[in-house]
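**Student:** This is the structure I want to talk about, given as structure tokens.
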């Protein structure tokens, strides 16, 4: 089955700095890679996703890159703000009947210091 | 539109007791998923319903766990008898019928087994 590794487990940055979280996956059949943000005590929420036919996707301060050959994808947050502090999870899955059966990384606790 | 709701938000039980968790998906969502996060590790897939049918229950840990979705609306996850290692946060998620629809998560039910 799929295995997703996520690094780092904790990340501390100063407000305004950039933050990068990296994930690797094992199953070359995976072709959908979402990123979820979970604030303390809240539900995980999708913040950005990328499909395997795209190498990069950007939404304001958030971007995701995908390298299918190397089987890794990364989340980039620029101009970080204290409200970006949360746990971030990467995930991978295939399209079709297995869609929604996400394999998650271990999570990254991001702390943005004012 | 109401999101995915879960009940209870937190349950504390003794080892050997029974607990039933409930999930109400977003209205009209045929696909319902249960996930679990144990002791700060990754969020792991438990099972997937399509309407009232179990599409995939490959992630269920053992036969002490029973999930139902009678009528294809809300779902319950029963743990009987509960063991210490069952402690964790149980998330429910739902999505619409299309294979590329976003997965919406509930806030989770935290289970503590003493």
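**Student:** For Cα pairs less than 8 Å apart in space and 6+ apart in sequence, what is the mean separation divided by the residue count of the range A:3-66, i.e. the relative contact order in percent?
**Tutor:** Once divided by the residue count of the range A:3-66, the mean separation gives 22 percent.
**Student:** I would also like to ask the following. Of the residues B:56, B:24, B:86, which exhibits the maximal mean-square fluctuation in a Gaussian network model of chain B defined by a 10 Å Cα contact cut-off?
**Tutor:** B:56
**Student:** Residue by residue through B:107-114, how many Cβ atoms from other chains fall within 10 Å of the Cβ on average?
**Tutor:** Mean shielding by partner chains, rounded to a whole number: 1.
**Student:** Quick one: among A:55, A:41, A:16, which has the greatest mean-square fluctuation in a GNM of chain A with alpha-carbon springs under 10 angstrom?
**Tutor:** Taking springs between Cα atoms under 10 Å, the residue moving most is A:41.
**Student:** Ranking B:57, B:107, A:83 by Cβ neighbours within 10 Å, fewest first, what do you get?
**Tutor:** Fewest-to-most ranking of B:57, B:107, A:83: A:83, B:57, B:107.
**Student:** Which whole number gives the average, over all residues in B:43-52, of C-beta atoms from other chains lying within 10 Å of the residue C-beta?
**Tutor:** That average works out to 3.
**Student:** If you don't mind, there's one more thing I want to ask. Label-point separation (nm) for residue B:74 and residue A:58, each offset 7 Å from Cα along Cα-to-Cβ?
**Tutor:** 4.6
**Student:** So if I take the centroid of the Cα atoms in the range A:57-93 and the same for the range B:8-40, what is the distance between those two points in Å?
**Tutor:** The range A:57-93 and the range B:8-40 have Cα centres separated by 28 Å.
**Student:** With a 10 Å cut-off between alpha carbons and a GNM built on chain A, which of A:53, A:31, A:67 moves the most?
**Tutor:** The residue with the greatest mean-square fluctuation here is A:53.
**Student:** If you count, for every residue in A:60-67, the Cβ atoms of partner chains within 10 Å of its Cβ, what is the mean?
**Tutor:** The shielding value for this peptide is 0.
Read-outs throughout are calculated quantities, based only on the coordinates presented, and are distinct from any laboratory measurement. This is a predicted model, so every value here is computed, not measured. Don't worry about glycine lacking a Cβ; one is built from the backbone with ideal geometry, like all the others, and counts go over all protein chains shown.
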